[in-house]
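Below: the structure, in structure tokens.
The values are calculated or read from the model by the stated rules, or taken from the named source; none is laboratory data. It should be emphasised that the depicted structure is a prediction, and the values quoted were computed from it without experimental measurement. Every residue, glycine as well, gets a Cβ built from its backbone with ideal geometry; the counts of neighbours run over all protein chains shown. Accessible surface is based on the protein model in full, side chains and every heavy atom, while ligands, DNA and RNA are left aside. Shrake-Rupley method; radii C 1.70, N 1.55, O 1.52, S 1.80 Å.
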Amino acid sequence: QLQLVESGGGLVQPGGSLRLSCAASGFSLDGYSIGWFRQAPGKEREGVLCINSGGGRLLYTYSVEGRFIVSRDNAKNTVYLEMNSLKPEDTAVYYCAAQMNYYCPDPANQFEYWGQGTQVTVST
């Protein structure tokens, strides 16, 4: 079974921080690029950040530049998304996705495996 499971979502106040995890099971993330995506209510899904199999990063949306950090721990078969200085407009369901390529897809439309998503709500 090839599976990605996101966790760490929840309710946070504006200006706060949150760390999401994307854990893989049934396969190793070595050799995969991992992308983070989000979908806000009534809006299309958008790419956020990607980390390639060598640890290089690709920014998909400038709205999170300087605030979000993506990292990976291959020993734990897990990828993380650290979100800082959160804004209400960051509210969305966040998904992770995996593509077996060294480099991150550009544009962000070629990922094979997807998680179920975790809700992030930024509100008072």
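Please get the size of the charge dipole for the chain, origin at its Cα centre, with Cβ charges of +1 on Lys and Arg and -1 on Asp and Glu, quoted in debye to the nearest 20.
That gives a dipole near 180 debye.
Output wanted: per-residue J couplings in Hz (rounded whole) for the range 27-33, from phi through Karplus 6.51 cos²θ - 1.76 cosθ + 1.60, θ = phi - 60°, x for Gly and Pro.
Computed from phi, the couplings for the range 27-33 are 7, 8, 6, 4, x, 9, 8 Hz.
Can you give me the % of accessible surface on the chain that is carbon or sulfur? Probe 1.4 Å, all protein chains present, nothing else counted.
Exposed carbon and sulfur together represent 46 percent of the surface.
Once fully extended, how much extra length lies between MET100 and ALA40, figured as 0.36 nm per residue of separation less the alpha-carbon to alpha-carbon distance?
18.9 nm
Take the alpha-carbon centre of the range 54-77, take the same for the range 27-53, and report the distance between them in whole Å.
So the separation of the two Cα centres works out to 9 Å.
Along the charge dipole of the chain, pointing to its positive end and built from +1/-1 on Cβ of Lys, Arg, Asp and Glu, which listed residue (ASN52, ASN84, LEU4) has its Cα farthest out?
Farthest towards the positive end: ASN84.
For the chain, report the accessible area per residue in Å² (1.4 Å probe, heavy atoms, rounded to an integer).
That works out to 52 Å² per residue.
Would you please name the GluC sites (Glu not before Pro) within the range 35-124 that are DSSP coil residues with at most 10 other C-beta atoms within 10 Å of their C-beta?
Counting only loop positions with at most 10 other Cβ atoms within 10 Å, the GluC sites (Glu not before Pro) in the range 35-124 are GLU44, GLU65.
Just to verify a number: FRET efficiency for ALA75 and LEU2, C-beta to C-beta distance, R0 = 22 Å, to 0.05?
0.70
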